Structure formats: structure tokens, C-alpha cells
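Q: Before anything else, here's the structure in question.
Read the figures in this text as sums done on the coordinates, not as results from a lab. What you are looking at is a predicted structure, and each value in this text was computed from that prediction instead of being measured. So basically every Cβ, Gly included, is an ideal-geometry build from the backbone, and we count neighbours across all protein chains shown.
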Amino acid sequence: MKGQMMNVPLTITEIMRHADKVNGDTEVVSVTYDNPRHKYTLNDAFKRTRQLANALQSLGLEKGQRIATFAWNDYRHLELYYAISCSGAVLHTVNPRLFPEQIEYIVNHAEDTVVFFDPVFAPLIEKLQHNFPSVRHYVALCDKAHLPDVNIANLTDYESLIDDQSDEFDWPELAEDDASSLCYTSGTTGHPKGVLYSHRSTVLHSLGSALPDAFSLSIDQTVMPIVPMFHVNGWGLAYSAPMTGTKLVMPGPKMADGVVLSDLINSEGVTMTAGVPVVWLMLLEHLKNNDIQVPTLDRIVVGGSACPELLINEFDELFNVSVHHAWGMTEMSPLGTFNKLKPSLKQQSEKEQMNYKLKQGRIVFGVDMRIEDWQGQEVEWDGHQFGAVKVRGPWIASGYYKQGESVDDNGYFDTGDVASVDPHGYMLITDRSKDVIKSGGEWISSIELENIAVGHPDIKEAAVIGVPHKKWGERPLLIAVTHDVEISAEALLDHFDGKVAKFCIPDAVEFIKELPHTATGKLSKKDLRSKYADYILG
Ligand code: AMP
């Protein structure tokens, strides 16, 4: 027997309709290329969104077409988010920080027809335009007076594009599984892969991420996303904030500017903000050095990479701001886990509580998770055993754009992360699958060993990789850079005693002058693995 409830499709158009009707006076504050402080309301935003939708029609927009944006977080990008997806087209947010060859690949792979770009990226677009055969129009996100002086074919400024358009628009009826947006994820090998979100996945992710034990959004909150809107929908805040009536504050190109960020927090009454650890380390320094307090700021959500203990401690002690760890990925829209302490854990010692806070958190409703050992058996949530993190849910990719399905036989997606989960449900990432060392049926976390190595006062940087071993399959090799001091391999290995199980202690140490890094500054274990491919242990 079927239920007798209305089958209203879950679309971004419904988020927009609701926000326009109910949260219309909610403020949206932006810093843009052409305005240091732009303010308007959601009603203003959606009025311009309708003008933009008419303008897109005049450019010949068709259902399912991909439209690219190269843009920071601001009100025009917000308008594009809604106008493109709700018109039935696909918003393709491009990360302008990728290598030019990667950008060229993804624009061509997506077959984008229109490119909207922030004027700061004009030189990049000018250089790449001849390699974008599918693109017919370029629009600079500014007014006529600020149009950059570049030689780009079919270039218009955004304000002229929408200026004369009607602010009435009949939004098409869309199916909830229609594609809404596209974001490419760049692995360390191969071409970037496209993750194609749907209206349904976006609406459900907005609902799930807004819950009290996640972003906790509401009409009495003001959120400042420092996660770029070109990276996984800026963690979905461009949807969930209007949906819940949360005031949005967007710093545009000033995301790494401590003066602008602290000023926005204090003048706009920001209560919550979200971003990667490096942003918060910068802001922390700025606040401390300039003796600035941030009384309205209640919490910071940290994700993208592991959150350092110093951030949690100092924001709490010096500024009374709680730091919450979150984990996710492009293929997960992105939210998977969020860290908020259970009341029972608050009874524990400060040190114990910190151990929990440093974990990536508990899965939010909408995401199911399995931890599997290397034979594909599910491991217990005992806080010790770790394995491959696999996820399943309505906002998790089932495959990549123009590629087949990429789920396992149980219908789960392999995240490529390795983690343990404790009996309270808190997940701790211990490695990436490709970096974990597989030794005689056991997994050894390279990250844990690297953290112990850099805990030695003489060690500046360290990497641990698996090298082939006749008996065990693989054994850990520690590659270390010292602070220009002499230290023996034995002394360094003694430092591991009592900190990890005996079988995890590296078999050997190689000292080198410098470790290889990728273009984005990450340790390149791929290079180390090929350098030490023929390494003979013992
Ligand atoms: P991306 O798809 O580019 O957002 O990258 C996702 C990857 O970043 C995840 O698979 C993790 O390896 C890593 N990541 C994200 N959040 C965290 C976190 N809180 N702690 C550690 N690693 C994280």
C-alpha cells in the first residue's frame, strides 16, 4: 500500500520560493571586486535572479546545458547558483586555482557554453579562451565601469546583461533527480572527475547539514562561509542559509584577509563560520596580534583537513569560540560527519574531551558509513580497528560525470579515507587508502607514524611509506628531514617505543634534505614511492 502524501519534487526552486516568501528580509552581505561592502535582502537577490534567468534565456540557454562560474563568494555568485539550476541548466563551479591544463580539461569535458568570471580571473580567461571551443559567451561579474581591460571575445558585464531584463520569470517544473550542479574533484593522478549533483541531493543535503547537531542554522544565526563557492557548493551554505533564513556574509576575494574577516565578523554579527584549518590559523594570529575580540562569534566549523589541537584550544580559551571538526568530500556534497560532544562526554577530563574533539565527528542523518578491513569485512566500532571508509546516502555520488557507476556490490562508495570509529560513533581519519601500509594482514597508519616522528624535537618534517618486504608484503620506511642536526636512525626509532604497537614501528629511516611536495603544497608520497620502489630493507 502506498502512502497518500503529495509527491512534490525536492528542487532548489522550492528552496528559493520558500526563502523568497518567508525569509525575504534576511540580509545578504558581500565583498566584491567592485564594492567593499554590498548589502541587500533575499527578496532583492531573487528579484535579480529572475532577471538573470531571463538574460540566460536570451543567451539561448537550454535544459541540461552546463554554465561555468569562476567566482568567489558573493551575491552575484549566489544569484547564479539559483538562476542557472532553477532554469534547468547545470551550474558548473570551476576552481580557478587548478592548473591551467586541468581547467582546460574540465571546461571541455563539461562542454560549458557560457563562462561567468570574477574580474580578478580575467587574465586567466583571456589566456585560456582559445582552448574553450564550446564557450559562446563570457560575462564578467561586475558593472560596466569595472569591466576589465582584456581581449576576450563576446564579453559582457553582468550588470548590463541583467539590467533591462524583466524581474518576472516562470520557473520551469523540474524533476527532483534533474542535474543541478557540477564540481570536479582533482585527485593526485589522472584527470579531474566530475561530480554531478541533483536538485534532490542538494535539498536533502541542505536539510541534513542545517540540523542542530551539524551547522545549526536558523533565523537567529549569521553565517560567513570561507569555503569557496567553487569547492563543493561552498559546503552547501548558499542553499541552507536562505532555506533557514540565516543571514549570509560573504567575503568575496578577501577570504585570506584577517582585517576584512574580523571586521565582517564584528560589524555584521557573524555567529558561525566555516572553512579549512589554514584560514583559522591565519585569523587566530590576526586576532591575537591586534588584540581583537569577536564577541558574536559562537562557533567555527573546520573541515577539508585535520584540525590542529591549537585551533580548538586557543579559540576556546582566548575568544570563547568553539571549534567543530567536520569531514566530507566533493563526492558527498560534502557533509559526512560533524563533531559535537555528547553531554555524557562533557563529564570527562579536559584531555579526554580533547581526544574526542580532534576526531572528525559522527555521521549526520542521511549518510550511512561502513568501515571495512582489507578483505572487505566490516570492522567493529571499537575505536581501535581501522579500515576503508565507505558511505551510502541520497547526497553521495553513485558515479562520475560521463563515467559509469562507482559503488561496490553493497551499494557503498569508497571514500579513499581510512578511519576508526569509537563506540560513541566518533570517526577518526587515520590515513588515505593509498598511503596506508599493509603489513602481514594488518594496516599501519602512515599519518600516525609521521605525527610521532615530527614530535621528536630534532625532526622538521617526516613521511612514512610502505616498501616491499618478502615476508610481510610491505613494511614502513620513515623518511625524515632534520633541523640541521645529527641524529641516528636508532635514536629516532627509539622515540616510537611505547607510542605505537611494536609491529607498527618503521623498519628503517632515511634522512634526506627535503621532501617532495605537489603544486598545492601537499607531501607527494607518489614521488617518494617511486624514489624508494627498489628499497631493500635490512
Ligand atoms: P575534497 O573532495 O577535495 O573536498 O577532499 C576530500 C578529502 O579531504 C577527504 O576524503 C579527506 O581525505 C580530506 N578531509 C576532508 N575533511 C577532513 C577532515 N576534517 N580531517 C581530515 N581530512 C579531511
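Q: Starting from the Cα coordinates of segment 399-446, work out the convex hull volume and express it per residue in Å³.
A: Enclosed volume per residue, from the Cα hull, is 131 Å³.
Q: Using alpha carbons only, what's the Rg to Rh ratio of the chain with Rh from Kirkwood?
A: 0.98
Q: Would you calculate the convex hull of the Cα atoms in segment 162-239 and tell me its volume per residue in Å³?
A: 178
Q: Taking amide H positions as placed 1.01 Å from N in the peptide plane, with prolines and chain starts having none, which residues 5 or more places from residue 93, or on another chain, fall under 5 Å of its amide H?
A: Under 5 Å from the amide H of residue 93 lie the amide H atoms of 69, 182, each far enough along the sequence or on another chain.
Q: Could you tell me what fraction of 2.2 N^0.38 Å the Cα radius of gyration of segment 308-371 comes to, as a two-decimal ratio?
A: It is 1.22.
Q: What does the helix-only formula give at 222 nm for the chain: each DSSP H stretch with n ≥ 4 adding -39500 (n - 2.57), the total divided by the residues, and the result rounded to the nearest 500 deg cm²/dmol?
A: Per the formula, -8000 deg cm²/dmol.
Q: Quick one: if you stick a label point 7 Å off each Cα along the C-beta vector at residue 414 and residue 41, how many nm between them?
A: For the pair residue 414/residue 41, the computed spacing is 5.3 nm.
Q: Could you please rank 250, 16, 369, placing first whichever residue has the fewest other Cβ atoms within 10 Å of its Cβ?
A: Fewest-to-most Cβ neighbours within 10 Å comes out as 369, 16, 250.
Q: May I ask you to list the lysines whose Cα is less than 25 Å away from that of residue 438, ignoring any residue fewer than eight positions away on the same chain?
A: 359, 390, 470, 471, 499, 502, 522, 525, 526, 531
Q: Got a sec? How would 472, 72, 327 order by Cβ neighbour count within 10 Å, fewest to most?
A: Fewest-to-most ranking of 472, 72, 327: 472, 72, 327.
Q: Given a cut-off of under 8 Å on Cα pairs at least six residues apart, what relative contact order in percent is computed for segment 1-105?
A: RCO, segment 1-105: 24 percent.
Q: How long are the semi-axes of the equivalent ellipsoid of segment 365-471, defined as square roots of 5 times the Cα gyration tensor eigenvalues? Whole Å, largest first.
A: In descending order the semi-axes read 28, 17, 15 Å.
Q: Let me see the P(r) profile for segment 212-284: every Cα-Cα distance counted, bins of 5 Å, each bin given as a percent of all pairs.
A: Per 5 Å bin, starting at zero, the Cα-Cα P(r) for segment 212-284 comes out as 3, 16, 29, 27, 18, 6, 0 percent.
Q: Between 0 and 90 degrees, rounded to the nearest ten: what's the tilt of helix 42-58 against the longest Cα principal axis of the chain?
A: 80
Q: Given contacts defined as C-alpha pairs under 8 Å and at least six residues apart, what's the relative contact order of the chain, whole-number percent?
A: For the chain, the relative contact order is 10 percent.
Q: Can you put 204, 248 in order, fewest other beta carbons within 10 Å first?
A: So the residues, fewest neighbours to most, are 204, 248.
Q: Give the angle, between 0 and 90 degrees and rounded to the nearest 10, that separates the Cα long axis of helix 277-289 from the longest principal axis of the Cα atoms of the chain.
A: 90
Q: Which loop trypsin sites (Lys or Arg not before Pro) in segment 1-110, with loop taken from DSSP, have no more than 16 other Cβ atoms within 10 angstrom of their Cβ?
A: Here the sparse-neighbourhood loop sites are 2, 63, 97.
Q: Using the Cα gyration tensor of segment 1-138, with a ≥ b ≥ c the square roots of its eigenvalues, what is the shape: rounded (a/c below 1.5), prolate (a/b larger than b/c) or oblate (neither)?
A: Judged from the Cα gyration tensor, segment 1-138 comes out oblate (a/c at least 1.5, b/c at or above a/b).
Q: If you don't mind, there's one more thing I want to ask. Which order do peptides 114-125, 251-262 fall in by mean Cβ count within 10 Å, highest first?
A: Going by the mean number of other Cβ atoms within 10 Å, highest first, we get 114-125, 251-262.
Q: Further, regarding this structure: Compute the angle between helix 199-210 and the longest alpha-carbon principal axis of the chain, please, reported from 0 to 90 degrees and rounded to the nearest 10.
A: The helix 199-210 is inclined about 60 degrees to the chain.
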